Amino acid sequence: MQQDLTDAWCEQVKQAATDNSTLRIHGGNSKAFYGNPVSGENLDTREHYGILEYEPSELVIRARSGTPLADIEALLAEQRQMLTFDPPHFATGGTLGGAVASGLSGPRRPFAGAVRDAVLGVGLINGRGEALNFGGQVMKNVAGYDLPRLMAGAQGTLGLLTDVSLKVLPVPETDYTLKQVCSQQEAILRFAEWMMKPLPLSAACWHDEHLYLRLSGSESGVRHAQHQLGDTILEHETDWWQDICDHRHAFFQDSKPLWRLSVPPATPPLSIAGDWLIDWAGGQRWLYSTESATHIRHVAASVGGYATLFRNGSDDEAAFHPLPTALYKLQQRLKQAFDPDGIFNPNRLYPGI
């Protein structure tokens with residue numbers, strides 16, 4: 001049975017402030033590995049679920065934070081609509097709140113936008129136990145738009161999400177996946193060239209001397225683009241992109257530390273030895289390497305990017321790339337404004353945040 005736990009959560013947060021204790025916010029724990037370890041009393045969002053509003057004609061959906069992603073995607077599929085940012089699941093049980101809080105997007109992200117671009121509004125409980133609402137329920141309403149965006153990728157450190165409004169998109173009429181043989185350097189060059197052209201791209205990836213492209217749109221438009229690019233259609237690999245998104249692809253089955261590097265898409269191959277998979281047309285690069293964290297982060301920073309120790313790291317190595325002093329101080333001020341007593345997911349992002 002659906003229930004609204006907002007009032008109960010407000011009281012729980014106020015009690016935590018009184019007791020000088022902390023809360024570990026989680027949903028299905030499908031992304032519990034992501035970020036620095038968190039201690040505190042568990043606050044499980046999964047009993048706070050349910051679709052609150054869905055207007056297919058307006059391309060907007062609003063749901064409680066504990067609503068399973070799978071339920072939302074199934075409802076959208078009935079109307080041939082989808083979430084714009086390809087949220088990774090990684091495991092069963094992932095929730096809407098977790099998808100927004102993690103800020104993670106799948107292969108469609110460079111072409112349809114990130115999580116923060118899809119968020120229209122949020123309901124939020126701050127560290128004082130106050131229930132607040134930011135943003136709007138329709139795409140035309142941009143009042144307070146920046147505050148909802150702050151919640152994307154905040155890992156629950158700024159507040160407890162109670163509900164989220166998202167824009168959605170129609171499912172493309174058709175998808176084609178094309179495959180080419182080429183080196184990493186050549187793939188990056190081709191990605192940069194194709195991103196400048198009016199091609200209906202919806203995903204672009206490289207691994208193991210092969211480049212993969214997904215074309216999405218009308219049948220005629222996709223076929224025209226496919227003839228321009230002239231490569232084989234992988235009709236028999238219908239789950240290939242979902243396997244990349246959810247890390248079911250063989251590349252992601254290694255138990256070694258997995259790094260995620262975010263760099264300008266046209267950046268040439270980086271001078272870090274290891275096994276690479278390139279996504280987002282060059283902008284997101286996954287890496288297994290025996291090189292030191294210091295070296296990996298130095299190389300990423302030298303090209304204007306950053307490196308995240310995404311999974312399988314040691315507890316003594318920070319998950320996220322250190323922030324410049326000015327940005328760290330800004331993060332501290334945001335934390336102080338939303339969560340003055342440091343109740344929510346302490347240290348999940350950085351020490352003291």
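The values are calculated or read from the model by the stated rules, or taken from the named source; none is laboratory data. Fair warning: this is a prediction, and the values are worked out from it, not measured in the lab. Reconstructed Cβ throughout: ideal geometry from the backbone, glycine too, with neighbour counts over all protein chains shown.
The table below gives the values:
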item	result
Subset tally (residues that are closer than 30 Å to SER292 by Cα and either modelled with pLDDT under 95 or surrounded by fewer than 16 Cβ atoms within 10 Å (Cβ to Cβ) (or both)) for region 242-261	7
Test result for TRP206, buried (at least 18 other Cβ atoms within 10 Å of the Cβ), hydrophobic (A, V, I, L, M, F, W, C), in contact with a Phe, Trp or Tyr (Cβ under 9 Å, 6 or more places away or on another chain) and farther than 19 Å from PRO87 by Cα	yes
Region 209-222: number of residues that are touching a residue at least 12 places away in the same chain (Cβ under 8 Å) and either out of contact with any Cys (no Cβ under 9 Å at 6 or more places or on another chain) or surrounded by fewer than 16 Cβ atoms within 10 Å (Cβ to Cβ) (or both)	9
Subset tally (residues that are out of contact with any helix residue (DSSP H, G or I) (no Cβ under 7 Å at 6 or more places or on another chain) and not in a strand (DSSP E or B)) for region 284-296	7
Residues located in region 329-353, provided they are part of a helix (DSSP H, G or I) and in contact (Cβ under 8 Å) with a residue 24 or more places away in the chain	LEU334, LYS335, PHE338
Subset of region 297-321 [in a loop (DSSP other than H, G, I, E, B), surrounded by fewer than 17 Cβ atoms within 10 Å (Cβ to Cβ) and of a type in the set (Gly, Ala, Ser)]	GLY304, SER314
So ASP44, is it under 28 Å from GLY352 (Cα atoms) and surrounded by fewer than 23 Cβ atoms within 10 Å (Cβ to Cβ)	yes
Those residues of region 268-283 which are hydrophobic (A, V, I, L, M, F, W, C), surrounded by fewer than 21 Cβ atoms within 10 Å (Cβ to Cβ) and outside any loop (DSSP other than H, G, I, E, B), in sequence order	TRP276, LEU277
Some residue of region 84-97 being assigned to a helix (DSSP H, G or I) and touching a residue at least 40 places away in the same chain (Cβ under 8 Å)	yes
Strands (runs of 3 or more DSSP E) wholly inside region 11-65 containing at least 2 residues that are over 16 Å from VAL164 (Cβ atoms)	23-26, 41-44
Helices (runs of 4 or more DSSP H) wholly inside region 143-246 that include at least 2 residues being within 30 Å of ILE25 (Cα to Cα)	146-151, 240-245
Failed item, numbered, when THR92 is tested on (1) at pLDDT 95 or above; (2) under 23 Å from the mean Cα position of the chain (by Cα); (3) among the hydroxyl-bearing types (Ser, Thr, Tyr)	(1)
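Yes/no matrix, rows are residues, columns are (1) over 15 Å from SER30 (Cα atoms); (2) hydroxyl-bearing (Ser, Thr, Tyr); (3) surrounded by fewer than 23 Cβ atoms within 10 Å (Cβ to Cβ); (4) at pLDDT below 95:
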position: ARG62; (1), (2), (3), (4): yes, no, yes, no
position: SER65; (1), (2), (3), (4): no, yes, no, no
position: GLN79; (1), (2), (3), (4): yes, no, yes, no
position: PRO87; (1), (2), (3), (4): no, no, no, no
position: VAL115; (1), (2), (3), (4): yes, no, no, no
position: ASN126; (1), (2), (3), (4): yes, no, yes, no
position: GLY129; (1), (2), (3), (4): yes, no, yes, no
position: PHE134; (1), (2), (3), (4): yes, no, yes, yes
